[in-house]
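Enquirer: Questions regarding the structure given below will be posed in turn.
What follows is calculated from the coordinates using simple rules that are stated; it is not laboratory data. Just so it is clear, the model here is predicted, and its values are computed rather than measured. Methodologically, a virtual Cβ is constructed for each residue, glycine included, from the backbone with ideal geometry; neighbour enumeration extends over all protein chains shown.
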Amino acid sequence: MARTRIESEQGETPRSQRLITRWAQFGFIHASVPDCVCLTRTAFSMHAEIPVVSDQPVILGFDPGRQKCGIAVMGVDRILQYNQVVDAGQAVTTVQQLCVRYPVTLIVIGDQTSSREWQQRLTQELTDSLRVVTVDERNSTLEARDRYWQMYPPAGLGRLLPQAFRTIPRPIDDIVAILLIERYLARLATRLPEL
């Protein structure tokens with residue numbers, strides 16, 4: 001079994017260590033990953049302009065929609081590497097490009113709006129045969145609104161407004177995709193016995 005280690009600026013992260021060890025046990029980490037993968041918490045990007053490529057397996061989160069889709073790529077250690085909202089017509093192409101750029105091992109998709117159609121489309125059109133898992137998407141938009149303000153705190157006088165009165169200046173489907181990955185990892189952590 002491959003043993004992996006994550007280093008942060010404060011030292012070892014035991015929860016991340018346990019998650020990665022569990023992924024290795026269940027075969028989600030490929031043999032191409034070295035026995036010890038060391039990453040720092042500062043080596044990540046939340047935007048498409050500065051991609052960070054790593055040998056660590058990642059999960060692709062996909063928030064399906066009829067007009068636009070949210071896509072996010074996150075490692076099993078919960079370090080976000082990519083997030084973007086794309087047109088529904090470009091979603092499959094974007095997913096294919098991300099599968100080339102990152103070592104994607106799994107696609108997590110929301111189970112609400114047009115989920116079955118997107119799941120079939122992804123499994124048919126992707127060149128790699130990736131496992132597609134559905135995750136409960138209920139209340140994810142409300143949770144994504146809160147997460148948006150955590151990721152992008154308001155500046156200036158906007159800080160004085162209560163959160164309920166602030167308007168989000170862009171679509172948040174990519175943040176929903178991040179939440180889908182986190183929900184999947186939380187579900188995985190509760191289903192597996194403690195190490």
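Enquirer: Would you mind ranking 104, 135 so that the residue whose beta carbon has the fewest other beta carbons within 10 Å leads the list?
Expert: 104, 135
Enquirer: Another question, if that's okay. Using the Kirkwood formula over every pair of different C-alpha atoms, what hydrodynamic radius in Å results for the stretch 44-191?
Expert: Result for the stretch 44-191 stands at 15.6 Å.
Enquirer: When only C-alpha pairs under 8 Å and at least 6 residues apart count, what is the relative contact order of the stretch 44-191, in percent?
Expert: 29 percent
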